[in-house]
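S.K.: Starting off with a structure, shown below.
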Amino acid sequence: MKSKTWMSVAFALILSAVAAPLWAHHGDAGRYDEALVTLNGSIVELQMINPHSIIVLDVPEAGGKMTRWQAEMGGPNALSRGFGWTRNTLKPGDKVTLIGRRVKSGAPYMNLTERAVVYMTASKKLLFRTANAELPPGVVAPEGMGAAPPPTPGPAGAAY
């Protein structure tokens, strides 16, 4: 009887250790407004870090005040493979336009993983676009970069 209990406990511990990485990633349901926000600003920094790359930019507000925004994107590997991004794609001072979803708290933070677009403000050259985003008028997509690549199928054809 005791050996069955110990085996059950050992099985539960092994199962929880194997399943732990599945709990590590988070969803954003309810965290961001569904309405899209457009920001025009100057790049401060591009952080190509895991698990999410971050664009830091200064956005002028009414009255000349600058607000520092952060925009969360996918990881650096996805940006590199899907869009050719490197740490030098956005340089300090570059003028960019971001379209994405703002965090509901009202903080200067936005999500660029769904219905999102990033382009150079003056030239309207497209730098990034999620598969479900509409291109604004006049934005020019380089050949082969109309939208994000489809998700990579996982085991048994499941999409992640």
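The values are calculated or read from the model by the stated rules, or taken from the named source; none is laboratory data. All values reported here derive from a predicted model rather than from experimental measurement. When we count neighbours, we look across all protein chains shown, and the Cβ atoms used for this are built from the backbone with ideal geometry, even at glycine.
S.K.: Residue under question is Arg101, and the condition is that it be crowded, with 17+ Cβ neighbours inside 10 Å and assigned to a loop (DSSP other than H, G, I, E, B); does it hold?
M.R.: Considered against the rule, which asks whether it is crowded, with 17+ Cβ neighbours inside 10 Å and assigned to a loop (DSSP other than H, G, I, E, B), Arg101 comes out as no.
S.K.: In addition: Could you tell me whether the stretch 128-142 includes any residue that is surrounded by 18 or more Cβ atoms within 10 Å (Cβ to Cβ), of a type in the set (Ser, Thr, Tyr) and modelled with pLDDT under 95?
M.R.: So far as the stretch 128-142 goes, yes, one or more of its residues are surrounded by 18 or more Cβ atoms within 10 Å (Cβ to Cβ), of a type in the set (Ser, Thr, Tyr) and modelled with pLDDT under 95.
S.K.: Give the number of residues within the stretch 88-136 that are among the hydroxyl-bearing types (Ser, Thr, Tyr), free of Cβ contacts under 8 Å to residues at least 24 places away in the same chain and farther than 16 Å from Tyr32 by Cβ.
M.R.: Qualifying residue count, the stretch 88-136: 2.
S.K.: May I ask you to list the residues in the stretch 78-98 that are surrounded by 11 or more Cβ atoms within 10 Å (Cβ to Cβ) and at positive phi?
M.R.: Selection gives Gly84 alone.
S.K.: Identify, please: which residue in the stretch 39-77 is closer than 16 Å to Thr113 by Cα, of a type in the set (S, T, N, Q) and out of contact with any Asp or Glu (no Cβ under 8 Å at 6 or more places or on another chain) and is, among those, surrounded by the fewest Cβ atoms within 10 Å (Cβ to Cβ)?
M.R.: Across the stretch 39-77, the extreme among qualifying residues is Asn50.
S.K.: Let me ask you something else. Restricting attention to the stretch 55-79, which residues are assigned to a strand (DSSP E or B), within 15 Å of Tyr32 (Cβ to Cβ) and either of a type in the set (Val, Ile, Thr) or within 9 Å of the chain's Cα centre (by Cα) (or both)?
M.R.: Result: Ala71, Glu72.
S.K.: Another one. Going by what's in this entry, would Val96 be described as modelled with pLDDT of 95 or more and not hydroxyl-bearing (Ser, Thr, Tyr)?
M.R.: yes
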